[in-house]
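S.K.: Structure below; questions to follow.
The values are calculated or read from the model by the stated rules, or taken from the named source; none is laboratory data. Predicted model, so just to flag it, every value in this text is computed and none were measured. With ideal geometry, Cβ positions are generated from the backbone for all residues, glycine too; neighbour counts draw on all protein chains shown.
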């Protein structure tokens with residue numbers, strides 16, 4: 001009897017393992033942006049720190065999120081981001097700001113670099129949206145610039161936009177989110193440039 005029980009458990013374990021190994025493969029996706037043009041202006045006298053971009057719990061994980069209808073939110077089981085969306089956006093933003101050459105330095109908050117301005121972000125939406133008639137890629141994100149000498153907010157930008165998805169597959173959704181985010185971060189860069197151009201004394 002004991003041999004029969006052990007044999008049954010062994011068969012069940014093998015079946016479970018076979019089911020796991022025979023499942024659909026997991027696919028990972030990431031963001032991709034064109035190279036930033038070479039800077040044409042001198043760096044501003046600004047050391048800029050980038051704070052951690054906050055996000056809802058569902059966007060702090062790697063599965064690609066979708067919205068169906070007005071209230072339902074879900075996540076794909078086999079289609080994941082290489083990193084959580086907020087973390088990817090933070091990395092891309094730092095790279096873009098550094099490559100622009102507009103600042104003396106750009107670093108993450110928490111390192112050894114002491115900055116005179118802090119840029120904070122809050123991600124609200126980063127998802128596929130099924131409207132019933134079309135598939136869209138929605139991003140909603142807000143940035144706030146803090147003057148660390150006064151600890152006051154001196155500039156902010158809220159970006160919310162839906163980008164049409166040119167296709168019906170997950171790579172098409174990722175491409176649309178990528179285009180949408182590129183537009184949003186470009187607006188953030190332009191807004192920061194405008195603020196510093198009018199609020200900083202000219203360099204000697």
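S.K.: If I ask for residues that are in contact (Cβ under 8 Å) with a residue 40 or more places away in the chain, more than 21 Å from residue 87 (Cβ to Cβ) and within 18 Å of the chain's Cα centre (by Cα), which ones from segment 129-175 would you list?
M.R.: Passing the criteria: 129, 136.
S.K.: Of all strands (runs of 3 or more DSSP E) completely enclosed by segment 16-80, which ones contain at least 3 residues that are closer than 22 Å to residue 162 by Cα and modelled with pLDDT of 80 or more? Walk me through it before giving the result.
M.R.: On the way: elements: 27-29, 44-50, 63-68.
Filter on segment 16-80 gives 63-68.
S.K.: Determine whether segment 184-202 contains at least one residue that is touching a residue at least 12 places away in the same chain (Cβ under 8 Å), within 19 Å of the chain's Cα centre (by Cα) and closer than 29 Å to residue 71 by Cα.
M.R.: Yes, segment 184-202 contains at least one residue that is touching a residue at least 12 places away in the same chain (Cβ under 8 Å), within 19 Å of the chain's Cα centre (by Cα) and closer than 29 Å to residue 71 by Cα.
Every residue, every condition in (1) modelled with pLDDT under 95; (2) more than 18 Å from residue 34 (Cβ to Cβ); (3) touching a helix residue (DSSP H, G or I) at 6+ places or on another chain (Cβ under 8 Å), yes or no:
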{"residue": "123", "(1), (2), (3)": "no, yes, yes"}
{"residue": "132", "(1), (2), (3)": "yes, yes, no"}
{"residue": "148", "(1), (2), (3)": "yes, yes, no"}
{"residue": "172", "(1), (2), (3)": "no, yes, no"}
{"residue": "178", "(1), (2), (3)": "no, no, no"}
